[in-house]
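Notes for the one structure printed next.
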Amino acid sequence: MQLRLLDLQTLDQTLDQLAHRRASLPEAAELQTLAAEHSRLRDAEVVAGTAVADLEREQKRADTEVEQVRARKDRDQQRLDAGQVSSAKELESLQSEIASLNRRQGVLEDAELEIMERLEEAQREAAALAAEREGVGKRAQEVQRARDAAWSKIDEDAAAARAERTALAAQMPADLLALYEKIRAERGGIGAAALRQGRCEGCRLQLDAAERTRIRGLAPDVVVRHDECRRILVRTPESGL
């Protein structure tokens with residue numbers, strides 16, 4: 001019956017390994033990285049979108065100012081062309097105002113052009129961020145499918161191992177099973193180990209001659225504990241006693 005402890009231990013180690021694999025899948029780690037990158041890009045996209053909106057409002061204001069100056073200058077020019085100005089002083093004043101408006105229009109149009117260039121750059125940046133975020137999202141979907149497939153296979157293997165373990169544990173004496181479980185919890189998941197060629201396979205230490213002699217004299221059904229690691233030592237034909 002003690003030999004069945006080794007089968008139980010093997011199943012428990014398999015379950016531990018499957019749990020570790022499930023928790024440390026590279027796809028799961030990549031998915032976390034992609035989620036963080038997607039969040040960063042979304043925030044950056046919001047900032048870029050705000051910049052675009054601000055520049056669009058700024059451009060509208062600049063357009064309005066240019067149009068106002070242009071309209072006023074056109075009215076003055078129409079008065080001048082229509083000969084509606086009679087006095088030399090008024091004519092000089094009107095010509096001076098038109099010249100001033102031309103200069104003002106030039107300054108405003110330069111500012112308007114600069115705003116348009118900044119707006120185009122901001123729009124390109126916002127579009128690039130949106131495309132990058134979309135790419136990250138697509139990659140995340142691919143990785144998530146791969147992770148879910150890996151999880152499904154691991155869960156399937158774990159379910160089969162748990163079913164086998166349950167059936168095996170049901171055949172074990174309750175006191176022996178309880179001792180094994182207690183030691184396993186205290187000793188890093190290994191509660192029973194084979195004694196092979198005079199060595200404990202749990203802690204990999206060689207038993208001294210006196211301990212081997214003591215074990216050799218025990219009845220086969222006596223539960224043996226290794227003095228060093230306190231795990232259950234299961235005697236096998238290869239124990240070297």
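The values are calculated or read from the model by the stated rules, or taken from the named source; none is laboratory data. Nothing here was measured: the structure is a model prediction, and the numbers come from that model. In this analysis, Cβ positions are derived from the backbone assuming ideal geometry, glycine residues included, and neighbour counts consider all displayed protein chains. Protein only, heavy atoms only, side chains kept; ligands, DNA and RNA dropped before computing areas. Shrake-Rupley method; radii C 1.70, N 1.55, O 1.52, S 1.80 Å.
Considering only protein heavy atoms, what per residue accessible area in square angstrom results for the chain with a 1.4 angstrom probe?
On the way: 14760 Å² over 241 residues.
Value for the chain: 61 Å² per residue.
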Percent of accessible area on the chain owned by carbon and sulfur, 1.4 Å probe?
51 percent
Can you give the charge dipole size of the chain about its Cα centre, rounded to the nearest 20 debye, using +1 on the beta carbon of Lys and Arg and -1 on the beta carbon of Asp and Glu?
1840 debye
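Which FRET efficiency, nearest 0.05, do V223 and D7 yield, Cβ-Cβ r, R0 25 Å?
On the way: r = 16 Å, r/R0 = 0.66.
In this case the efficiency is close to 0.95.
Given an 8 Å cut-off on Cα distances and at least 6 residues of separation, report the relative contact order of the stretch 126-220 as a percent.
Numbers: 28 pairs, mean separation 8.2, N = 95.
Computed over the stretch 126-220, the figure is 9 percent.
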Within-14-Å neighbourhood charge of D76 [Cβ basis; K, R +1; D, E -1]:
+2
The answer for the net charge of residues other than Q171 whose Cβ lies under 12 angstrom from its Cβ, with Lys and Arg +1 and Asp and Glu -1, is 0
For each cysteine in the chain, check whether another cysteine's C-beta sits under 4.7 Å from its C-beta; list those where none does.
C200
Calculated FRET value between L168 and D54, using beta carbons and R₀ = 41 Å, to 0.05:
0.05
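Below 8 Å between Cα atoms, with a sequence gap of 6+, how large is the relative contact order for the chain in percent?
Numbers: 206 pairs, mean separation 71.9, N = 241.
Reported as a whole number, the value is 30 percent.
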Hey, of (i) 52; (ii) 72; (iii) 61, which did the structure itself give for percent of Cα pairs over 23 Å apart when calculated?
(ii)
Treating only the Cβ atoms of Lys and Arg (+1) and Asp and Glu (-1) as charged, compute the dipole magnitude of the stretch 72-169 about its Cα centre; round to the nearest 20 debye.
360 debye
Dipole check, the chain, charges on Cβ (K,R +1; D,E -1), about Cα centroid: among Q32, L195, Q78 the Cα furthest to the positive pole belongs to L195
Which ³J(HN,Hα) values in Hz, rounded to whole numbers, follow from the phi angles of the stretch 23-40 under the Karplus curve 6.51 cos²θ - 1.76 cosθ + 1.60, where θ = phi - 60° and Gly and Pro get x?
7, 10, 4, x, 5, 5, 5, 5, 5, 5, 5, 5, 5, 5, 5, 4, 5, 4
